[in-house]
Amino acid sequence: MSARPILPSPQAGDLLSWYDRHRRRLPWRAPPGEAADPYRVWLSEIMLQQTTVATVGPYFERFITRWPSVEALAAAPLEDVLAAWAGLGYYARARNLHACARVVAGTHGGRFPDTEVGLRALPGVGPYTAAAIAAIAFGRPAAAVDGNVERVITRLHGIDTPLPEAKAQIRARTLDLVPEDRPGDFAQALMDLGASLCSPKRPACALCPWRDCCVANARGDAETLPRRAAKPERPTRRGAAFWAERGNGTVLIHRRPPKGLLGGMDGLWLTPLSADIDPAEARAHAPFPARWNRIAGEVDHLFTHFRLRLTVFAATDVTAFAPTGSRWVSKAELAEVGFPTVMRKAAQHALRALHGPGAEALAAFRRRRPTRT
DNA sequence: TACACGTGGTC
DNA sequence: TGACCAAGTGT
C-alpha cells in the first residue's frame, strides 16, 4: 500500500453551489425555489428508469398533455397507455405505471404517499424511485442512488469493490452526504454531476466541485470506476414473424399476452423464440394456412439479455379469419397502433419487400425521433 | 442473488 | 460491429 494524502471531506454545499449555477432545465423539474409536482416527478422517474433524458423528453410531454393528472391517467384504458409508451421499452413499466395511477387515484385520494416507505409500496416504485420522489417532491432526506450516483460516489470515496456488491456501501456513503435542507436539489445535483462532469468516459475532473476531496481524482483512476462484475455473454435466439394482408389492404396485428417479453404490446404474429429454428419449419407456427413467402434477409434486434434474429414471412390476398388475440387493421389505423421497436423493424422489412421503399404504410413505422438537446 | 426485461446513443 | 451504459424493478 502506498501512502495517500489526506483529503478534505466532501460537503453537500459545494455540490449545491455548483448545481445552482449549472443545473439542467428539464420539463419535469420545477423552477428554482418552486415546489415540484409529485405527479410529474413520479411520471418522469418511471420513464427515466434505464432510459436517457433525450429519449424521455418527447414521451413525457405527450403523456402530460394527454393525461395532465394522476386521475386522468388512472381513468385511461391500459391499452392506450401501452400504445403511448411504445418505443420506450421495458413495457412492465407502463403496466405498473397504470396500476400505480389507479392505486393513487383510487385508494390515496389522488395524492402520492409522501414518505419513502409509503412510495416503496406502489407498483413500479423500487428503492431508487421511492427515494427520488421522497426527496424531490416532498423534501425528505432520502438517498436516491441510481447509476449516476453509483459512479460519483465510488469515485469520490475510491470504492474498488465491484458492483453490485458495493451497493450497500454506496448507499450508506450517499446517505451520509444528504443535507437536511434541499435534499431534493441534492439528489438532482448528484445526478446532474454524474450526467455531465463525472461521466463514464473522460470525466472532467478539473471542473468538478468535489475535485479536491475525490479519492479517484487524487489517484488518477476515476475513469476505471465503478468496477463491475463481468457480464454474461448474450445468446442468439431465432424465430419468425408473419405479415398478412387481405385484399382490402388490412393487415394482421397480434396482441401479446399481458406478461413477459413485450407483454401486452401489439405487433406481428411471432413463432416461439428459441436457440435454433428451421425457417422452413417455422411455417408450422403461422397464424393460419396461407401462401407464406419467405422474405430475403433477417431482422436483427438486440435485447438486453439476448440477440434476436427474425425471419419474416408474408402473405397477401389472405381470406382467413383473425385468430384469437389478433385483429385486422387498416393501414391508416396502423399509425395509431403502438409497436415495440423490434416489431416496427419486422413490419418495415415486410412492407419494403412487398410494396417497395416508397410504400405509404411505411410512414406508420417511422421512428418518432426525440429532438436532441 | 441472479435473471428477465427494451431501446438508442456513443465510442 | 460490438461493448458499454442510461434517473431500475419484479420475481
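Every number here is computed from the coordinates shown, using simple stated rules; none is lab data. The shown structure was predicted, so the numbers you read here are calculated from the model rather than taken from an experiment. So basically every Cβ, Gly included, is an ideal-geometry build from the backbone, and we count neighbours across all protein chains shown.
Note down the net charge around residue A:43, summing +1 for each Lys or Arg and -1 for each Asp or Glu among other residues with Cβ under 12 Å from its Cβ. Before the final figure, lay out each step's value.
On the way: positive: A:40, A:62, A:66, A:93; negative: A:37, A:45, A:61.
In short, +1.
Return P(r) of chain A (all Cα-Cα pairs; 20 Å bins starting at 0; whole %; ordered from short to long distances).
Histogram of Cα-Cα distances, whole percents per bin: 25, 47, 25, 3.
Give me the count of lysine pairs in chain A whose alpha carbons sit under 23 angstrom apart, restricted to pairs 8 or more positions apart or on different chains.
On the way: A:167/A:201; A:167/A:231; A:201/A:231; A:259/A:345; A:331/A:345.
Counting lysine pairs in chain A gives 5.
Output the 0 to 90 degree angle, nearest 10, between the alpha-carbon long axis of helix A:167-177 and the longest principal axis computed from the alpha carbons of chain A.
Here the helix axis deviates by roughly 50 degrees.
Using only DSSP helix segments of four residues or longer, with each worth -39500 (n - 2.57), what per-residue ellipticity at 222 nm results for chain A after dividing by its residue count and rounding to 500?
Working: 14 runs with 141 residues, N = 373.
Dividing the helical sum by the residues of chain A leaves -11000 deg cm²/dmol.
Please name whichever of A:204, A:162, A:177 sits farthest to the positive end of the charge dipole of the stretch A:162-281, dipole taken about the Cα centre and charges placed at Cβ: Lys and Arg +1, Asp and Glu -1.
A:162
Which residues make up the longest stretch of chain A clear of GluC sites (Glu not before Pro) that lie in a DSSP loop with no more than 16 other Cβ atoms within 10 Å, not counting the sites?
Values: sites that count: A:34, A:165, A:180, A:233, A:298.
Here the longest segment lacking exposed loop sites spans A:35-164.
When chain A is modelled as a GNM with alpha-carbon springs shorter than 10 Å, which of A:353, A:244, A:195 fluctuates the most?
A:353
Can you report the principal axis dimensions of the stretch A:10-224 using only the alpha carbons, biggest first, rounded to whole angstrom?
Taking max minus min along each principal axis of the Cα atoms, the stretch A:10-224 gives 54, 34, 32 Å.
Rounded to the nearest 10 degrees, what's the angle between the helix A:12-22 long axis and the longest principal axis of chain A, both from Cα atoms, 0 to 90?
Orientation of helix A:12-22: about 50 degrees from the principal axis.
Using the alpha-carbon atoms, what tilt in degrees (0 to 90, nearest 10) does helix A:92-107 show relative to the longest principal axis of chain A?
70
How far is the Cα center of the stretch A:178-209 from the Cα center of the stretch A:276-302, in Å?
49
Could you give the size of the charge dipole of chain A about its Cα centre, using +1 on the Cβ of each K and R and -1 on the Cβ of each D and E, expressed in debye and rounded to the nearest 20? The partial results should precede the final answer.
Numbers: 50 positive and 35 negative charges, 168 e Å.
Magnitude of the dipole: close to 800 debye.
So between residue A:317 and residue A:78, what do we pick up on full extension, going 0.36 nm a residue minus the alpha carbon distance? Don't skip to the answer; put the middle values down first.
Working: separation 239, 0.36 × 239 = 86.04 nm, distance 3.25 nm.
Full extension from residue A:317 to residue A:78 adds 82.8 nm.
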